[in-house]
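Undergrad: Let me give you the structure first, and then I'll get to my questions.
The values are calculated or read from the model by the stated rules, or taken from the named source; none is laboratory data. All values reported here derive from a predicted model rather than from experimental measurement. A quick note on method: Cβ atoms are made from the backbone with ideal geometry, for glycine too, and the neighbour counts reach across all protein chains shown.
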């Protein structure tokens, strides 16, 4: 099939490409933003739609607020739900019936905007689009971009034109479930095209007011700034090697204020709130300390950072962690009192540290967003001509 889609918006204001996410975790949104930026680099207009804005408040709360609450206070429940629902093809009809009741405004938007192509960085919009396609209400190519290293059953739909996945194992898994392997592309998880640019570590540190010669640990609380970050910082302050610490608090202003009170510890620490310059902070760092979220971990790997995974959230983060450990790009700490010891042990073993850096370089895929866009352009024949 071929589509002559313009780099400019159509006369009615619509864009030829729609990238759809859901705010149940910051990674889905960041991946969508990365794809929009990559399309823009190809002179193709793309709109990012966060679909929970087009659902009812109760449904939105379940998807977004409940997720954050469970991450912060009951991660074991989140893990149980994740594993219980990971039954390929089993719960689709019931889930679709529930989701259709809550996404009427989204369906109206899709029918009004009439995009020529849709890419989904969350399973909810993919489900609705596949339904509309089966009912012949819309007939557009649909791409699903899986934002973790494993493919949970909720990402699985028959009728998707392309899947974009993080690693070969995920492609093999999807093929074993009956998804045509020619429709599955191993691209990595899309990160902002800024991560494709080389940024020397020393220069980045000096620009950000850091010590150019010190090993730098970057602590990420995630886009929403959740998790036991205060306890984590106290543990890192016990590291014996000379280090400096950068903490990204995300949108959690309360956490930012609390951590600023800890800045006078053994090691110099810089506390940052929400930032759009994560690529610069990562360029200045050596290790990322925190959870094993798909997007943040992928950004860190793109910048050459070793991952120090602390108590990953049961479910998708534990599965991500398994991939990272298997690839030799991470160490894992399940007990905070042992965190300083594990970091010191790695910094002492320079040969191991160097080997892990090499593994990171081989495993990282900083060009994923551009690669996904290139595949889509080739498959659809999207044109970048003016209207």
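Undergrad: Where in segment 24-80 are the helices (runs of 4 or more DSSP H), entirely inside, with at least 2 residues that are surrounded by 16 or more Cβ atoms within 10 Å (Cβ to Cβ) and touching a residue at least 24 places away in the same chain (Cβ under 8 Å)?
TA: 26-41, 66-73
Undergrad: Pull up segment 148-176, narrow it to residues that are out of contact with any strand residue (DSSP E or B) (no Cβ under 9 Å at 6 or more places or on another chain) and within 19 Å of residue 302 (Cα to Cα), then point me to the one that is surrounded by the most Cβ atoms within 10 Å (Cβ to Cβ).
TA: 148
Undergrad: Which condition number in (1) in a helix (DSSP H, G or I); (2) under 20 Å from the mean Cα position of the chain (by Cα) is the one that residue 337 fails?
TA: Here residue 337 meets the rest and fails (2).
Undergrad: Among the residues that make up segment 166-176, is at least one of them within 21 Å of residue 24 (Cα to Cα), under 18 Å from the mean Cα position of the chain (by Cα) and either at pLDDT below 95 or not in a loop (DSSP other than H, G, I, E, B) (or both)? If you could, list the steps in order and put the result at the bottom.
TA: Narrowing segment 166-176 to residues within 21 Å of residue 24 (Cα to Cα): 166.
Checking which are under 18 Å from the mean Cα position of the chain (by Cα) leaves us with 166.
Restricting the remaining residues to those that are either at pLDDT below 95 or not in a loop (DSSP other than H, G, I, E, B) (or both) gives none.
No: zero hits.
Undergrad: Limited to segment 206-228, what total is found for residues that are assigned to a helix (DSSP H, G or I) and touching a strand residue (DSSP E or B) at 6+ places or on another chain (Cβ under 7 Å)? I'd like the intermediate steps shown before the answer.
TA: The first filter runs over segment 206-228 and keeps only residues assigned to a helix (DSSP H, G or I), leaving 206-207.
Now restrict to residues that are touching a strand residue (DSSP E or B) at 6+ places or on another chain (Cβ under 7 Å): none.
Of the residues in segment 206-228, 0 are assigned to a helix (DSSP H, G or I) and touching a strand residue (DSSP E or B) at 6+ places or on another chain (Cβ under 7 Å).
Undergrad: Let me ask something additional. Consider residue 326 carefully, then state whether it is outside the structural domain of residue 44 (by TED's automatic domain parsing), in a helix (DSSP H, G or I) and at pLDDT 95 or above.
TA: Yes, satisfied.
Undergrad: While we're on this one: Can you name the residue in segment 234-252 that is at pLDDT 95 or above and part of a strand (DSSP E or B) and is also surrounded by the most Cβ atoms within 10 Å (Cβ to Cβ) among such residues?
TA: If we take residues in segment 234-252 being at pLDDT 95 or above and part of a strand (DSSP E or B), then 245 is surrounded by the most Cβ atoms within 10 Å (Cβ to Cβ).
Undergrad: If you scan segment 81-104, which residues turn out to be at pLDDT 85 or above, surrounded by 13 or more Cβ atoms within 10 Å (Cβ to Cβ) and in a helix (DSSP H, G or I)?
TA: Of everything in segment 81-104, just one residue is at pLDDT 85 or above, surrounded by 13 or more Cβ atoms within 10 Å (Cβ to Cβ) and in a helix (DSSP H, G or I), namely 83.
Undergrad: So which residues in segment 270-318 are assigned to a loop (DSSP other than H, G, I, E, B), surrounded by fewer than 24 Cβ atoms within 10 Å (Cβ to Cβ) and at pLDDT 95 or above?
TA: Those that are assigned to a loop (DSSP other than H, G, I, E, B), surrounded by fewer than 24 Cβ atoms within 10 Å (Cβ to Cβ) and at pLDDT 95 or above: 286, 304.
Undergrad: Is it the case, given these coordinates, that residue 265 is surrounded by fewer than 22 Cβ atoms within 10 Å (Cβ to Cβ), at pLDDT 90 or above and assigned to a loop (DSSP other than H, G, I, E, B)? Even if it seems obvious, please write down each step before you answer.
TA: Values: surrounded by fewer than 22 Cβ atoms within 10 Å (Cβ to Cβ): yes; at pLDDT 90 or above: no; assigned to a loop (DSSP other than H, G, I, E, B): yes.
For residue 265, the condition - surrounded by fewer than 22 Cβ atoms within 10 Å (Cβ to Cβ), at pLDDT 90 or above and assigned to a loop (DSSP other than H, G, I, E, B) - is not met.
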